[in-house]
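Here the structure comes first, spelled out in structure tokens, and everything after it is commentary.
Every number in this text was worked out from the coordinates using simple rules, so none of it is lab data. Everything numeric in this text was worked out from a predicted model, so none of it was measured. Using ideal geometry, Cβ is built from the backbone for each residue, glycine included, and neighbour counts are taken over all protein chains shown.
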Amino acid sequence: MRRYITLLFTLLTLCGCSKETSEQSEPLVDVTPVNLAGVWALTSFDNGATLQEGDYVYICFEITDRAYTIYQNIGTMYGQKRSGHYFIDTDPTHGAVIRGNYGTDEYNYFDWSHRYKVELTASTMRWTATDDSQNISIYTRIESLPDTLQ
């Protein structure tokens, strides 16, 4: 019996220890307008695929009026700029979910084609479409838009 207790204690001790990794991940922060505020660059999408050279997507979130502006050139010959409003919801299945709309003028607004589960740290943001778990976008916080877009 004593041998079993010693073995059990040894197993519990080994299981309780965690290996230290050289890579410490940043802690998640709450998905709020304050934590989203700033400029974000799309760095990868679709499970790790990277952007093609010359392609870009930048999104600027503002706290005021929950407004955003997006600059992108994917799928088009020329860059596009769209703006609208974003909304943060709490979903029982997905947690923090972001959705939004964009306008063609001050009277015509259209909803985004997806809603996204958001995992946010101080420097990265991961969006996963709530209706398509393979639709993943990874954003990195940057200081400001490139001069060519300002």
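One table, with the values for the structure above:
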read-out: Modelled FRET efficiency - R0 41 Å, E106 with D132, Cβ distances, 0.05 increments; value: 0.85
read-out: Inter-probe distance in nm under a simple model that places probes 7 Å from Cα toward Cβ, at E119 and Q72; value: 2.1
read-out: Cα gyration tensor category, rounded, prolate or oblate, for the stretch 26-144 with a/c compared to 1.5; value: rounded
read-out: Residue order, fewest to most surrounding Cβ atoms within 10 angstrom, among F61, F110, F45; value: F110, F45, F61
